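Structure first, commentary second.
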Amino acid sequence: MLTIAPLAAAAALRGEALQNPELSGKIRKDPAPAPVPGAAWYVAEAENAGLVYRFPAGALAKVNYVSADMLADGNTIQVFSLSLHERGKGRVFRLGFSALPQCSLRMRMALSLVDQSRWLVDREGAFLKPICGGDRVDLEEVDELRITLRRKAHGREARFCITPVSLTTGEPPRLTKPVLPKGPLVDEFGQSRIHEWPGRTRSEEELTGRIRAQLAAAPKHAWPSSFTRWGGWREKRLGEGSGFFSVRKDGNRWWLADPDGYAFWSAGIDCVRVDTDARIDGIESALTVIPATGGQRGRGNGKFVNFLTANLSRALGEEGWRDKWAAIALGELKRLRFNTVGNWSDWEYASKARFPYVRPMSFQAPNCGRIYRDFPDVWHPAFPSDAAAYAAQLESTRTDPAFIGYFLMNEPTWAFSSELPAVGMLYNTEKCHTREELARFLAGKYAGDSALASAWKMPATFGAIRAGRWKGRFTKEAVEDLREFSVRMVEHYFAMLSQACKKADPNHLNLGMRWAGVPPEWAVRGMKHFDVFSLNCYMDKLPLDRAQRIHEMLQMPVMVGEWHFGALDAGLPATGIGHLKNQAERAKAYRVYLEDAAANPYCVGVHWFTLYDQSALGRFDGENYNIGFFDVCNRPYQEMSEAAILSHERMYDVAAGKRKPYDEKLEYLPKLF
């Protein structure tokens, strides 16, 4: 039976602790002593097993934080959720997170997060990628907390230890000295010390020899003769070139056209940069050595190192190594028959080399401010000037023929919410210009407070619409009005940004905002201002019906901004969002996805995420996936290289219907990310 006990003095916190949880699902307690003080071991045989803590409703309303120390055994990440359940209401708030293996963590959650104002929470040490999801809940009604194992390595049990769950009013301190049962987690080259695999780089001589050989070979790499100078298809010209990339439709088939007018299908790769940053604040002891070279490319105020930077400077010298790396990278892309440098890349190198590229953009709302997650106050008087300043960055490349186009943003966090933007605004922003516009919109439908309340079938006033944090739940009638206004919000947002960008740069393509899947109906109207609809699609293939549905709604082609597959045979603790059993199968999955997309008449390109594996210690948010064409030691995955060359040399014939796409049946394993 669950008990609520005074918190142990050793925790140095004031509060109570939830102890003796019920076990849910296929999980058992392990009596072996745990290396984390006060913790107990549990072994989960299956996913969705976990620990259940029940307590009187309202107990969490009296505190501000929940926390517990944990440690994941084994050599792969374990993915958990901390969920808060309202009694009898069915509403559940979830905080998902991952645990870095063989390194203890402190799971800390501010209970203020239940207002759903944030999506991604700051990573702390081995506490990886905390993400808010589920419903907004009322802490006065919450009477159950669960810690559930959501994902684990396929075919293996997951063993973890955890202390009692602490409930405190004060903020728990961060964990700065984690328990490391196996010692440091990475070696001097940034490779895992808790894995063994054939591709490990075993000496500095091997490392430097490989990179120097790549530099010597770089000038010799070239696209095949069937490609145009821009990577287009020499066999098919769609008309006179405009001098810039454009969108063309040839019968039932969408294409991009290169600056000379030839058909172009964009086979791209994201993050063409020295991109293995590891966030190490709080886990410095997990490193064998801390590289002297590196520097922060990540986000936030954390401490970062970059082992790829250190490895390249070892081989190429501390002066001028980055330019030499760029020569290697662009040479390797040509060897692999990629024709596009994708998002989040050092695109300046691509521009200089006349290698087709795209650019990322991100609207920061410096003056108009944000009203729900990253949605800006789009009726603020400063919004137009903020949009113009945002678009001005495109002026530097407006005459560059190698520049394909720009992504307005990537997966806005408001789009991950279960709430409409207008609903989230009312709950989280006390006063803003968009709320004033909402009041004007509703005034056009309802004569006064009584009419509004009658239509919504709930207490409601125009004063409460204009200002103050909304309390209570919305009726379905209210939600319908707020859905209609959310359409206006999104349309105004994307129209203003798109118009500002076209004014700053009328020559290049607006590639959309990299939505995660098919957009809901209420978000579509604003997307009609794009030239291409981009989506990030981490499925086995880009579904034809999904691309067709987007085309029906928007009358434009689609481009995949992110996709990938990983495996657990390359010395990393997580696979990525797609999971195959080994590198050979990962390579086959690459071919299946790319060639199927090329055969899709609505698709004009797919961009793999990313060029390099992520750090075994985790990037800024904790991702540590085997998703690269190269590892941290700049070693190419041979199977992936061969697959890319085969498919990229076939893609134009496949797109034109001359050859059938590669379609071997593969075993896609449960995801581990």
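The values are calculated or read from the model by the stated rules, or taken from the named source; none is laboratory data. Owing to the predicted nature of the structure, the values given are computational and were not obtained by experimental measurement. Cβ: placed from backbone, ideal geometry, glycine included. Neighbour counts: every protein chain shown. All accessible areas refer to the heavy atoms of the entire protein, side chains included, with ligands and DNA or RNA removed. Shrake-Rupley method; radii C 1.70, N 1.55, O 1.52, S 1.80 Å.
Among the residues making up the stretch 608-626, a single one is part of a strand (DSSP E or B) and out of contact with any Ser or Thr (no Cβ under 8 Å at 6 or more places or on another chain): TRP608. Listed by first and then second residue, the pairs with beta-carbon distance under 6 Å, at least 6 apart or on different chains, first residue in the stretch 396-416 and more than 17 Å from LYS528 (Cβ to Cβ) and outside any helix (DSSP H, G or I), second of a type in the set (S, T, N, Q) and open to solvent by 10 Å² or more (accessible area, probe 1.4 Å), are ARG398/ASN507; ASP400/SER351; ALA402/SER351. It is to be established whether one or more residues within the stretch 117-126 are over 21 Å from the mean Cα position of the chain (by Cα) and open to solvent by less than 10 Å² (accessible area, probe 1.4 Å). Checking the stretch 117-126: not a single residue is over 21 Å from the mean Cα position of the chain (by Cα) and open to solvent by less than 10 Å² (accessible area, probe 1.4 Å). Considering only residues that are surrounded by 22 or more Cβ atoms within 10 Å (Cβ to Cβ) and more than 24 Å from GLU437 (Cα to Cα), which ones fall in the stretch 356-382? Hits for the stretch 356-382 are PRO356, TYR357, VAL358, ARG359. Listed conditions (1) under 33 Å from the mean Cα position of the chain (by Cα); (2) part of a loop (DSSP other than H, G, I, E, B); (3) under 29 Å from ASP115 (Cβ atoms); (4) not hydrophobic (A, V, I, L, M, F, W, C) are all met by PRO56, apart from (1).
Selection within the stretch 146-164: residues that are assigned to a strand (DSSP E or B) and in contact with a Ser or Thr (Cβ under 7 Å, 6 or more places away or on another chain). The member of this set that is least open to solvent (accessible area, probe 1.4 Å) is THR148.
Matching residues to (1) touching a Gly at 6+ places or on another chain (Cβ under 9 Å); (2) over 20 Å from GLY628 (Cα atoms):
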| residue | (1), (2) |
| --- | --- |
| ASN311 | yes, no |
| TRP347 | no, no |
| ARG373 | yes, yes |
| PRO381 | no, yes |
| ALA387 | no, yes |
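Picking from residues in the stretch 365-395 that are part of a loop (DSSP other than H, G, I, E, B) and farther than 14 Å from PHE494 by Cα, the one that is farthest from the chain's Cα centre (by Cα) is PRO381.
Residues that are in contact with a helix residue (DSSP H, G or I) (Cβ under 9 Å, 6 or more places away or on another chain), of a type outside the set (Phe, Trp, Tyr) and buried (at least 20 other Cβ atoms within 10 Å of the Cβ) within the stretch 505-524 comprise ASP505, HIS508, ASN510, GLY512, MET513, PRO519, ALA523, listed in sequence order.
Here is a yes/no grid of residues against (1) farther than 30 Å from PRO557 by Cα; (2) surrounded by fewer than 16 Cβ atoms within 10 Å (Cβ to Cβ); (3) touching a residue at least 24 places away in the same chain (Cβ under 8 Å); (4) not acidic (Asp, Glu):
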position	(1), (2), (3), (4)
ALA447	yes, yes, no, yes
ALA464	yes, no, no, yes
THR475	yes, yes, no, yes
ASP481	yes, no, yes, no
MET496	no, no, yes, yes
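Within the stretch 383-404, can you find the residues that are open to solvent by 40 Å² or more (accessible area, probe 1.4 Å) and among the charged types (D, E, K, R)? The answer is GLU395, ARG398. Considering every residue within the stretch 517-532, establish whether at least one is more than 16 Å from GLY268 (Cβ to Cβ) and under 16 Å from the mean Cα position of the chain (by Cα). Yes, the stretch 517-532 contains a residue that is more than 16 Å from GLY268 (Cβ to Cβ) and under 16 Å from the mean Cα position of the chain (by Cα). Taken over the stretch 554-594, residues that are under 12 Å from ASP613 (Cβ atoms) and either among the aliphatic types (A, V, I, L, M) or touching a Pro at 6+ places or on another chain (Cβ under 7 Å) (or both) amount to 5. The requirement of being in contact with a Cys (Cβ under 9 Å, 6 or more places away or on another chain) and either on the phi > 0 side of the Ramachandran plot or surrounded by 16 or more Cβ atoms within 10 Å (Cβ to Cβ) (or both) is fulfilled somewhere in the stretch 211-228, by at least one residue.
Any residue in the stretch 192-214 that is in a helix (DSSP H, G or I) sitting within a Cβ distance under 8 Å of a residue that is β-branched (Val, Ile, Thr)? List the pairs, counting only those 6 or more apart or interchain. Sorted first by the residue in the stretch 192-214, then by its partner, the pairs are LEU207/THR201; ARG210/THR201; ILE211/ILE328; GLN214/ILE328.
If you take just the strands (runs of 3 or more DSSP E) that sit entirely in the stretch 238-348, which of them hold at least 2 residues that are surrounded by fewer than 23 Cβ atoms within 10 Å (Cβ to Cβ)?
246-250
Regarding the stretch 634-642, can at least one residue be identified that is in contact with a Pro (Cβ under 7 Å, 6 or more places away or on another chain) and open to solvent by less than 10 Å² (accessible area, probe 1.4 Å)? Checked against the condition, which is being in contact with a Pro (Cβ under 7 Å, 6 or more places away or on another chain) and open to solvent by less than 10 Å² (accessible area, probe 1.4 Å), the stretch 634-642 yields no hits at all. Scanning the stretch 59-86 for residues that are among the charged types (D, E, K, R) and assigned to a strand (DSSP E or B) yields ASP69, GLU86.
The rows are residues; the columns are (1) in a helix (DSSP H, G or I); (2) surrounded by fewer than 24 Cβ atoms within 10 Å (Cβ to Cβ); (3) free of Cβ contacts under 8 Å to residues at least 60 places away in the same chain.
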{"position": "MET556", "(1), (2), (3)": "no, yes, no"}
{"position": "GLU585", "(1), (2), (3)": "yes, yes, no"}
{"position": "LYS588", "(1), (2), (3)": "yes, yes, no"}
{"position": "LEU594", "(1), (2), (3)": "yes, no, no"}
{"position": "ALA597", "(1), (2), (3)": "yes, no, yes"}
{"position": "VAL606", "(1), (2), (3)": "no, no, no"}
